[in-house]
Amino acid sequence: MKEAYQINKVYSIILILVGLIGITARYFDAGDWQLTALIPTFFGLILYFCTTGIQKENAAVGHVAALVTSLLIIMSLVMLSKGIFGDAGWGRKQWIFLIIIAGGIWSLRSQILYFKAQRKRKANQAKS
């Protein structure tokens with residue numbers, strides 16, 4: 001799976017599942033619905049809809065996906081550090097943040113490499 005759109009699709013599906021698992025686990029753990037658990041699902045849906053634009057090599061859509069992914073990584077790093085260094089310790093939320101960070105870095109790296117290759121390919125076509 002080398003293509004950026006494939007990795008973006010997998011990452012978006014992971015985000016959707018993580019949000020749904022988070023809200024379900026919260027319900028069974030505490031007995032209430034915490035809608036903030038759906039934040040990864042919301043971002044996952046945005047990234048999922050960006051997949052076709054990335055596949056069609058639309059640079060604007062690719063940059064939106066990279067921006068959303070970067071925002072997710074930064075938010076997750078902040079929340080992970082709050083949980084670890086605060087009084088929450090290591091729990092379900094920290095695992096979710098770790099999954100979001102690792103997947104985000106994987107997705108962002110693939111997008112950067114993909115668009116670098118695309119620029120190089122267009123430059124070579126312009127020379128010919």
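Quick rundown of the values:
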{"read-out": "Area of Ile112 that stays accessible when all protein chains are in place (1.4 Å probe, Å², to 10)", "value": "90 Å²"}
{"read-out": "Computed over region 1-80: relative contact order in percent, which uses C-alpha pairs under 8 Å that are six or more apart", "value": "30 percent"}
{"read-out": "Electrostatic dipole magnitude of the chain [Cβ: Lys, Arg +1; Asp, Glu -1; Cα centre; debye, to 20]", "value": "820 debye"}
{"read-out": "Stretchable slack from Ser70 to Ala30, in nm (0.36 nm times residue separation minus alpha-carbon distance)", "value": "11.3 nm"}
{"read-out": "Charge sum, other residues only, whose C-beta stays under 10 Å from Arg92's C-beta, Lys/Arg counted +1 and Asp/Glu -1", "value": "+1"}
{"read-out": "Projected-area average for the chain over all orientations - Cα convex hull basis, square nanometres", "value": "8.4 nm²"}
{"read-out": "Lys120 versus Trp106: modelled label distance in nm, points set 7 Å from Cα along the beta carbon direction", "value": "2.3 nm"}
{"read-out": "The chain - accessible surface per residue (Å², probe 1.4 Å)", "value": "63 Å²"}
{"read-out": "Accessible surface of the chain, 1.4 Å probe, proportion on carbon and sulfur as whole %", "value": "68 percent"}
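The values are calculated or read from the model by the stated rules, or taken from the named source; none is laboratory data. As the structure is a computational prediction, the values presented were derived from the model and not from experiment. As a convention, Cβ positions derive from the backbone with ideal geometry for all residues, glycine included, and neighbour counts pool all protein chains shown. Just the protein is used for accessible areas: all its heavy atoms, side chains included, with ligands, DNA and RNA removed. Shrake-Rupley method; radii C 1.70, N 1.55, O 1.52, S 1.80 Å.
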